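One structure is given below, encoded as structure tokens.
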Amino acid sequence: MLMRLLAEPPFRILTRAALKYLPTSLDTKVKWELSTRPAYLLGVYEAAKQAKREGRIGIEVIEFGVAGGTGLLELQRIAEMVERETGVFIKVIGFDMGNEGLPSFIGDHRDHPDQWKPGDFKMDEAALRAKLDHTRTTLLIGNVSETVFQYARDIHENSVGFISFDMDLYSSTRDALKIFSCTDVLAHVPLYFDDIEFIFNYSEAGELAAIEEYNGTHWETACIDQWYGIKEGRPFPERGFLEKMRVHHSFSDIENIALHRESVHLPLS
């Protein structure tokens, strides 16, 4: 009753501020967004829980579009925390063009050339690498149309559990989505799409177009859909990042889980 009262609009901001300085459970951290990247915290935590449902010992969490590295460093911190509290081993992978910024080729209207230009969002690669925990985190530099397959071939060991897409361009997002065709993934993978809320976004361009195209070509095996019920029970249900969360559903993995549950007589929840 007290926590319900503290989550009401007159008190919730003060409650969240106080919780930042108190020892709290991981559930509380996720619910009250005690992270600079609450979408990452939510996505990684739900991925770890999904991994345990599937009997997986580890997952890999990914950021497509690293730029300055603020997000990747927070993802690294979150992975360590979630691993410690859930027992699920978590590796972190970052994909970016590095010091080059956005690629030299930006295509037609689908890449929003009215908003982005080659060289935007450059990285100081040396400075970022110096801050990374290289026992946990791998930074892949190059065009994602090539590095996604390099990752699948040389680095990928555990199921993909969470992905953030912040590549701005339709073409880069389209290529990044090929990760679902060349790696092992959880049956339900939380996703975060950063660039879908601006006035210039529409369904025939950018990340939204890449999602539509993916669903149109994989309709028999998988889909990316909205995260239903994501706002329920949250103190800040109006938060914009919740609108950017999606889930990738792999139909064959869902069927395999159902068969496994039936064979060992596990409950569905």
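The values are calculated or read from the model by the stated rules, or taken from the named source; none is laboratory data. Not measured: the values here are computed from a predicted model. Heads up, the Cβs are rebuilt from the backbone with ideal geometry, glycines too, and the neighbour counts pull from every protein chain shown. Side chains included, ligands, DNA and RNA excluded: accessible areas come from the protein's heavy atoms. Shrake-Rupley method; radii C 1.70, N 1.55, O 1.52, S 1.80 Å.
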**Complete:** Toy charge model, Lys and Arg Cβ at +1, Asp and Glu Cβ at -1: the chain dipole around Cα centroid in debye, rounded to 20, equals 1280 debye
**Prompt:** Relative contact order of the stretch 125-269: what whole-number percent is it, with Cα pairs under 8 angstrom and at least 6 residues apart?
**Reply:** 22 percent
**Prompt:** Which one of S172, Y40, A17 is farthest out on the positive end of the charge dipole of the chain, using unit charges on Cβ (Lys, Arg +1; Asp, Glu -1) and the Cα centre as origin?
**Reply:** A17
**Asked** Across bins of 5 angstrom width beginning at 0, how are the C-alpha pair distances of the stretch 120-263 distributed, in whole percent?
**Response** 2, 8, 15, 19, 19, 16, 12, 6, 2, 1, 0
**Message:** For a quick check, take a GNM of the chain with Cα springs below 10 Å and name the residue from E60, E207, E220 with the largest mean-square fluctuation.
**Reply:** E220
**Asked** Of the listed peptides 187-193, 83-89, what is their order by residue-averaged count of other C-beta atoms within 10 Å, with the highest listed first?
**Response** 187-193, 83-89
**Message:** Please check: in the Gaussian network model of the chain (C-alpha springs, under 10 Å), which one of Q226, Q50, Q150 has the largest mean-square fluctuation.
**Reply:** Q150
**Asked** Across the stretch 1-130, how many lysine pairs separated by 8 or more positions, or lying on different chains, have Cα atoms within less than 28 Å?
**Response** 14
**Item:** For the stretch 146-269, with +1 on Lys and Arg beta carbons and -1 on Asp and Glu, the positive-most of I163, I257, T183 along the dipole
**Value:** I257
**Asked** For the stretch 66-110, what % of the accessible area comes from carbon and sulfur atoms, probe 1.4 Å?
**Response** 52 percent
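Please work out the Cα convex hull volume for the chain and give it in Å³ per residue. Write out the running numbers ahead of the final one.
On the way: hull volume 38.7 nm³, N = 269.
It comes to 144 Å³ per residue, whole-number rounded.
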**Prompt:** What relative contact order, as a whole-number percentage, does the chain give when Cα pairs under 8 Å and 6 or more residues apart are counted?
**Reply:** 18 percent
**Fill in**
The ³J(HN,Hα) series, computed from each phi in the stretch 209-226 with the Karplus coefficients 6.51, -1.76 and 1.60 at θ = phi - 60°, rounded to the nearest Hz and given as x for glycine or proline, is 5, 5, 5, 4, 5, 4, 4, x, 9, 10, 4, 8, 10, 6, 7, 10, 10, 5
